[in-house]
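Encoded as structure tokens, the structure appears first; notes follow it.
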Amino acid sequence: MWTRWWLWPLVAVCTADFFRDEAERIMRDSPVIDGHNDLPWQLLSMFNNRLQDTRANLTTLANTHTNIPKLRAGFVGGQFWSVYTPCDTQNQDAVRRTLEQIDVVHRMCQMYPETFLYVTSSAGIRQAFQEGKVASLIGVEGGHSIDSSLGVLRALYQLGMRYLTLTHNCNTPWADNWLVDTGDSKPQSQGLSPFGQRVVKELNRLGVLIDLAHVSVATMKATLQLSRAPVIFSHSSAYSVCASRRNVPDDVLRLVKQTDSLVMVNFYNNYISCTNKANLSQVADHLDHIKEVAGARAVGFGGDFDGVPRVPEGLEDVSKYPDLIAELLRRNWTEAEVKGALANNLLRVFEAVEQVRMGWPPEPPPPTTSRQAAPPVSVPRPATPRRLPRRSPSRGTSWAAPAGRITATPPGPPASIASGGSCWPPSLPWSSVSVSCESWETRAPFRAPGVQGRPAHPGLRTPGTLLPACKDQHLLSGCLASPGGQDTWGQLRTHTHTGPQ
Ligand SMILES: [Zn+2]
């Protein structure tokens, strides 16, 4: 009898090896696509993005969760590289910092072409799988990176952004972050402001995945209700398993199921166990829970490697993915379920997002030129879709004209200007500030009743007070201040706010 007891550990070890071998077999065919990795942030923090620094060599990079050998050992076949700039860059240099992080991802892919394949589509991911490379995608973490501009959003798309996390740990003027739910931030948008809804629609139209990690529950629900495509949580876990507000509560998980969306589980100890310590088995508990509530189609991985200070025992770096898969197999996950979590669920959601893009009504045709025949009079013309007004010069030196000389007419209906905003920062010489505004959509200068010209609107004399004419974020994104005759675009912002929705 005692010999049986003695054999049990041996049996356990052999079984463990069996599941590990099975995990590797499956992952050779279906490598993992991870939703969130902050290696680009490490490259900035450690090397100021100097990839040629010998210490930054990704084949030997030390003291990070991620390097090329670890990616290989972990069967990582797809990675959303996080493009992140901290919240304190909001309304300041967030766009520049975002562009620099996009740049470092591109340069990383160019520097290691045998390992990384920069891709922007689900087909690109499949191509990378076939070539045995890490499909490298860009996820922008934090809506402050678009600086409340649909134009910036579209430009980031052109530069490769394929998901946008609507907030980081701060509200944007148009979406609330998760700290609203802890009481550490004040709700501003009650989910999504009208402009936030525009952002969601534009992301749908472009074919960008919408990421709801980091947002408030109200923002999660508003977006899940509004989006025409499934969404992702690129790095969030289950609230019922660990009651952190960064995690996804069960009622939202049910919406995830209804919308065929995806939760990619975050491994950060504090979101796994709600303490500083966690282990691989506890991560599997989150995966089990999401599978139970939202279904196996809703499960994915978003380890948050290199973005967090503590990771679970057994999941110390990206090489450990096969151990987690082995644990799921041990918990009776089927091969199809495991493959879904590894890659197929993300591919499914991405393809759905791409289909929504393709199904979007096309842009209005260009106007008929004099060399084209006019349409026959008898054919009724379709209703003319709203055409964007002619673009005005973008913000910059071309804008640096005294406010009094701005004469363009507003592109939007003036009747809808009925709200307000506040200006920032308080260090400007307010007594000499004059203000104009610009359109959200076109950046066209906009004369706002009550604020253009001199003297400044009385409200401006106290920094932070409301500008009655600058609060409809559909129309107005910023203010032009001319303290001492010097125009200072970019130093003043309309902090939009909205009423209940
Ligand atoms: Zn994050």
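The values are calculated or read from the model by the stated rules, or taken from the named source; none is laboratory data. Computed from a predicted structure; not experimentally measured. Backbone-built Cβ (ideal geometry, glycine too); neighbour counts: all protein chains shown. Heavy atoms of the whole protein, side chains included, go into the accessibility calculation; ligands, DNA and RNA do not. Shrake-Rupley method; radii C 1.70, N 1.55, O 1.52, S 1.80 Å.
Per-residue accessible area for Ser240 at 1.4 Å probe radius, Å² rounded to 10?
Its accessible surface works out to 70 Å², give or take rounding.
So which trypsin sites (Lys or Arg not before Pro) in the stretch 211-307 are both in a DSSP loop and have at most 12 other Cβ atoms within 10 Å of their Cβ?
Filter output for the stretch 211-307: Lys277.
Plugging the Kirkwood radius over Cα pairs into Stokes-Einstein for the stretch 14-359, at a temperature of 10 °C and a viscosity of 1.306 mPa s, what D comes out in µm²/s?
In µm²/s, the coefficient is 81.
Please give the contour-minus-distance gain from Thr54 to Gln130: 0.36 nm per residue of separation, less the Cα-Cα distance, rounded to one decimal in nm.
Numbers: separation 76, 0.36 × 76 = 27.36 nm, distance 3.04 nm.
Taking 0.36 nm per residue and subtracting the Cα distance, the gain is 24.3 nm.
If you roll a 1.4 Å probe over the stretch 14-359 with all protein chains in place, what percent of the accessible area is carbon or sulfur?
47
Using a 1.4 Å probe, how large is the accessible area of Glu313, given in Å² and rounded to the nearest 10?
130
So what does Leu347 come to for accessible area, using a 1.4 Å probe and Å² rounded to 10?
My reading of the accessible area for Leu347 is about 0 Å².
With a point put 7 Å past each Cα toward its Cβ, work out how far Met111 is from Asp88 in nm, to one decimal.
Each label point is offset 7 Å from its Cα along the Cβ direction, giving 2.6 nm.
Enumerate the amide H contacts of Leu159 below 5 Å, restricted to partners 5 or more residues apart or on another chain; note that Pro and chain-start residues carry no placed amide H.
Answer set, sorted by chain and number: none.
Taking a probe of 1.4 Å, how large is the accessible area per residue of the stretch 14-359, in Å²?
I get 35 Å² per residue for this part.
At a temperature of 4 °C and a viscosity of 1.567 mPa s, determine how fast the stretch 70-197 diffuses translationally according to Stokes-Einstein, using the Kirkwood radius over alpha-carbon pairs as Rh; express D in µm²/s, rounded to the nearest whole number.
83
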